[in-house]
């Protein structure tokens, strides 16, 4: 037998070593709105069906490969600070990558910063929340100035003269990132500066002082502020709502980056924060050296005034974390619908089905609660809805934001080792996941805020149980949880110590009540069976027997 002809050594090295098979592909060029069944249902249910066409177009944009790449670039190229120009002049200029500016431009041109204020109608907050949810899945960091601009309006309206002057430009659908006085712009963005080194969440410990700039004092009057702010997000915003002490106590002020005469206001950026997440967004430490500002709201009632802004940013934390859950679950579901292991596609394997369905359930509960609060925001003239906003914003901000980090990790584990790599979206999702739980009031702050709401306005508790009662009799586990919560509220001993336990129970109960009323039976039954009797002390992928995992997975999986 003749020996085979030897292969040339160079040919061996040039030959392919293997064929690339059994791998996933990027989840791009799909409609992020139409492929999200839970969102489609929520938009219709909560009163924003009229926005379906606009959301369809926006879903096509936010699911496109080119637009998703903007999120990658904005985080790969974080902002940089120039405190001075090359001639030594103080400029306090933060430079962003063009991708960041494009994301900002799109958000503002679609009204994510203003639409409920400029077009207040049934479903306005729901439609705006849906757009924000889709946009956030592309990139979360730029949402910070967008949400602060949106949230500033209710606070600013405490002083109508200031609102009349500033609101038209704040709500305009014009993004102008130039570092020029606000008089030269058609559209403005607004930031917020509350916390200081010594106080953090305890803003009443603030030491920044406000001194009258003229004889006039009180709402709408000019003051000069001296002090510091330890956490100023988006320092390139055109103006900021800040807190400072006056003779009458802690007060709220509107502080622009430029004075009316066109000179730079002495709000000086010391450094940018080095954050583990929210990388595309600049957050800074600043000093105020006689910065000109105008009082917003009554003197000495600064917390009450600015809390109007904080309440809306807390709602957007719910939106943002729910979006993070959707982004993570969508990636895991997409991957596991393609990858084969041990002879079967991953989403056909019983244990992986358990995990994927559980991740989808978490997101469904988060979205149901978030969009219910959005509907309540659209109807605050109704006492019941107003009470729900007050209570459920704290519940949702606490629960949804706190559940997101472990959700992001578990979804990452579905991908395996490649999910940990920096060329995957998961490191960004994971680093972003704790942010909303900490910013705008951490978990303890939310739990205590809920107790304060109950004490100040006991009727909010009645509104909560009235909402649960809409699902009474539909699920035995939910009925048991509602009864247990009634007993919790009747026991006033150590309530502050038990606050997290109580809020946990409230969050699961209201999510379950909403899903029992509105979600497919497979989703509602699985949520109640896995979360109500067992509570929250469980890992993902521990759903009980009898859950229709296939139906849950099919409902949640995006098709690209």
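Of note:
- Most simply put, the chain has about 90% antiparallel DSSP beta bridges, counting only bridges with both residues inside it.
- Taking all pairs of distinct alpha-carbon atoms in the range 187-300, Kirkwood radius in angstrom: 14.1
- Listed by Cβ neighbour count within 10 Å, with the fewest neighbours leading, 557, 263, 132 appear as 263, 557, 132.
- Cα shape, the range 15-142, gyration tensor, a/c 1.5 rule: oblate
- Neighbour-count order for 166, 439, 50, fewest beta carbons within 10 angstrom listed first: 50, 439, 166
- Order of 21, 72 under a 10 Å beta carbon neighbour criterion, fewest first: 21, 72
- Seen against the Cα atoms of the chain and their longest principal axis, helix 521-531 is set at about 70 degrees.
- The chain - mean residue ellipticity at 222 nm from DSSP helices (-39,500 (n - 2.57) per run, n ≥ 4, rounded to 500): -16000 deg cm²/dmol
- C-alpha long axis of helix 143-156 to longest principal axis of the chain, angle in °: 40
- Using the Cβ-Cβ distance between residue 82 and residue 413 with R0 set to 56 Å, the FRET efficiency from 1/(1 + (r/R0)^6) comes to roughly 0.85.
- Packing-based order for 542-555, 77-90, using average beta carbon neighbours within 10 Å, highest first: 542-555, 77-90
- Within the range 187-300, antiparallel bridges make up roughly 85 percent of the DSSP beta bridges whose residues both belong there.
- Pair-distance profile P(r), taking every C-alpha pair of the range 305-556, with 10 angstrom steps and integer %: 7, 31, 35, 19, 6, 1, 0
- Whether the range 242-386 is rounded, prolate or oblate, judged on the alpha carbon gyration tensor where a/c under 1.5 counts as rounded: oblate
- Computed packing ranks the peptides 331-341, 247-257, 25-35 as 247-257, 331-341, 25-35, most packed first, by mean other Cβ atoms within 10 Å.
- Summary of the geometry: the range 400-455 and the range 272-295, compared by the centres of their Cα atoms, lie 23 Å apart.
- With a simple spin-label model that places each label point 7 Å from the Cα along the Cα-to-Cβ direction, the separation between residue 264 and residue 289 comes to 1.0 nm.
- Peptides 504-515, 276-287, 401-412 ranked from most to least packed by the mean count of surrounding Cβ atoms within 10 Å: 504-515, 401-412, 276-287.
- Given (i) 94, 53, 53; (ii) 70, 66, 41; (iii) 106, 70, 43, the label whose value is Cα extents along the principal axes in Å derived from this model: (iii)
- FRET efficiency, residue 451 to residue 52 (Cβ-Cβ, R0 30 Å, nearest 0.05): 0.15
- Of interest is the spacing of the C-alpha centroids, which for the range 123-145 and the range 34-97 amounts to 8 Å.
- Approximating the spin labels as points 7 Å out from Cα along Cα→Cβ, the residue 202-to-residue 26 distance works out to 4.9 nm.
- Panel values: the range 305-409, Kirkwood radius from alpha carbon pairs, Stokes-Einstein at 37 °C and 0.692 mPa s, translational diffusion coefficient 217 µm²/s.
- Mean separation of Cα pairs under 8 Å and 6 or more residues apart, divided by the residue count, gives the chain a relative contact order of 14 percent.
Coordinate-derived values only; no laboratory data. If you're wondering where the values come from, they're calculated on a predicted model, not measured in any experiment. Every residue, glycine among them, receives a Cβ derived from its backbone with ideal geometry; neighbour counts consider all protein chains shown.
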